[in-house]
Amino acid sequence: MSRVLGFDPGTRVAGYAVLDGSRILVELGVLEFQADLDLGERLRLLAVDLEGLFDEFRPERLALETCFVGKNVRSALVLAEVRGLAKGLAYRRGLSVSEYAPSTVKLRATGRGNSSKSVVRNAMKVRFGWESDPKLDASDAAAIAYCGLTGS
């Protein structure tokens, strides 16, 4: 059965969600890193954690959001480094990689391309029957993984 790892990249908090081909949520969580670590160390720790997720859940696909430049160009560049790291690790393992614009993720999750993170979380909560509210990064990763299962 096809399995996808949805990844919401970040250098301090990164969300992840694993869905199988029948759209069942297998795992949901966040990877958190200390803010006082330099970027190189956080990237190293992120690589270790992603490798662990790949080993444990054996996805066939990595799904992640495309980069966008908002008000802070530096943040977008740092996020691009995280995305590149994740993609490189996935390609090295032979996984396919799917990328989705944030508006596409929101549209598929909620029916509106400009939904807030909390609206996305609520939509994922209903879809997967969660009783409590996960961190926003985790619910974003679930929405990204859902995109990875429902088409490119």
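Summary table
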item	result
Flag if LEU149 is part of a helix (DSSP H, G or I), surrounded by fewer than 18 Cβ atoms within 10 Å (Cβ to Cβ) and hydrophobic (A, V, I, L, M, F, W, C)	no
Residue within segment 111-119 that is under 16 Å from the mean Cα position of the chain (by Cα), modelled with pLDDT of 95 or more and among the aliphatic types (A, V, I, L, M) present	no
Residues that are among the aliphatic types (A, V, I, L, M) and in contact with a helix residue (DSSP H, G or I) (Cβ under 7 Å, 6 or more places away or on another chain), drawn from segment 113-151	VAL119, VAL120, ALA123, MET124, LEU136, ALA142, ALA143, ILE144
Scope segment 109-146; condition more than 13 Å from ALA63 (Cα to Cα), in a helix (DSSP H, G or I) and of a type in the set (Gly, Ala, Ser); matching residues	ALA109, SER118, ALA123, ALA138, SER139
Number of the condition not met by LEU62 [criteria: (1) touching a helix residue (DSSP H, G or I) at 6+ places or on another chain (Cβ under 9 Å); (2) assigned to a helix (DSSP H, G or I); (3) within 30 Å of GLY129 (Cβ to Cβ); (4) not charged (D, E, K, R)]	(2)
Members of segment 57-83 found to be closer than 22 Å to CYS147 by Cβ and either surrounded by fewer than 15 Cβ atoms within 10 Å (Cβ to Cβ) or of a type in the set (Val, Ile, Thr) (or both), listed by number	ARG58, THR66, PHE68, VAL69, GLY70, ALA76, ALA80, VAL82
Conditions (1) in contact with an Asp or Glu (Cβ under 7 Å, 6 or more places away or on another chain); (2) modelled with pLDDT under 95; number of the one not met by THR11	(1)
Top-ranked residue of segment 6-26 - restricted to ones that are β-branched (Val, Ile, Thr) and assigned to a strand (DSSP E or B), ranked as surrounded by the most Cβ atoms within 10 Å (Cβ to Cβ)	VAL18
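The values are calculated or read from the model by the stated rules, or taken from the named source; none is laboratory data. Predicted, not measured: the structure shown is a model, and the values here were computed from it. As a convention, Cβ positions derive from the backbone with ideal geometry for all residues, glycine included, and neighbour counts pool all protein chains shown.
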